[in-house]
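The values are calculated or read from the model by the stated rules, or taken from the named source; none is laboratory data. Source: prediction; values computed, not measured. Neighbour counts run over all protein chains shown; Cβ positions are idealised from the backbone, glycine included.
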Ligand code: NDP
């Protein structure tokens, strides 16, 4: 456990999967946590209940990350409810696969809007609300640097873009002691990438540890990077992939 007492956090895409795991772990470590979600209200309410079960304040805000106006309003609402933001976790993201020539404009736009543009706009909206010494943590992917099969270029490009954000913003925000890092998972068992099924049968043998990661494992790294223990880590892009990208 880390000590996040008296901290506030906003996790985008916190209703399910990795984002839900992060939101609940940050609350378990002492933070009040707001989440955004796209449409799954029941799942969002379940995450809030789990946050509150740790005795922390929880809040769910419906805000499509691809809608810049809604995203900015969601960030403002979270900051108002929590009394500022210490920890901003950009987690909401999507993945679609298609080789070049077989990737539609709509699929390209969807990934760019949510995986890249929302990280930019969410950060610019949050910065006025963030206290000095805060954290910006971006859930990227090992596909930022490892593309082990055809059809993953656009998704990988979005994750390479946010890796560059992490490095560049680490320098931009160092004067405020806001530390910025990217967390780059390999395959993690979620609705987006279930650990069973035909895709998993291809992926699992490529992972050195021979299994998918869990949301709890990604949440543990996120909590560490959010904590005072990680005070000299900024601009890092840290793989958490069970040896998938070796
Ligand atoms: P899931 O699809 O399981 O969960 C996605 C979450 O994001 C949900 O809470 C969903 O809300 C929310 N969301 C989806 N679209 C939007 C949107 N337009 N606006 C706001 N919120 C949205 O995904 P994962 O947990 O697997 O992935 C989370 C992140 O981790 C992504 O950035 C992904 O690229 C990254 N990642 C995942 C890996 C994996 O193997 N799972 C590996 C490497 C990286 P709702 O419930 O309302 O739909």
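Worth pointing out:
- Close pairs from the range 88-117: first within 22 Å of residue 221 (Cα to Cα), partner near the ligand (Cβ under 8 Å from one of its atoms) and in a strand (DSSP E or B), Cβ under 8 Å, at least 6 apart: 89/139; 90/139; 91/139; 92/36; 93/139
- Hits in the range 166-192 (condition: crowded, with 19+ Cβ neighbours inside 10 Å and more than 12 Å from the ligand (Cβ to nearest atom)): 166, 169, 170, 173, 178, 179, 180, 181
- Among the residues of this structure, residue 221 does not count as one that is at pLDDT 95 or above, more than 27 Å from residue 9 (Cα to Cα) and within 16 Å of the ligand (Cβ to nearest atom).
- Pairing each residue of the range 39-51 that is farther than 16 Å from residue 12 by Cβ and free of Cβ contacts under 8 Å to residues at least 60 places away in the same chain with any residue that is outside any helix (DSSP H, G or I) and more than 12 Å from the ligand (Cβ to nearest atom), provided the two are 6+ apart or on different chains, yields C-beta distances under 8 Å for 49/58; 50/58.
- Residue check for residue 195: modelled with pLDDT of 95 or more, in a strand (DSSP E or B) and within 12 Å of the ligand (Cβ to nearest atom): no
- Residues that are away from the ligand (no atom under 15 Å from the Cβ), assigned to a helix (DSSP H, G or I) and surrounded by 16 or more Cβ atoms within 10 Å (Cβ to Cβ), drawn from the range 126-159: 127, 129
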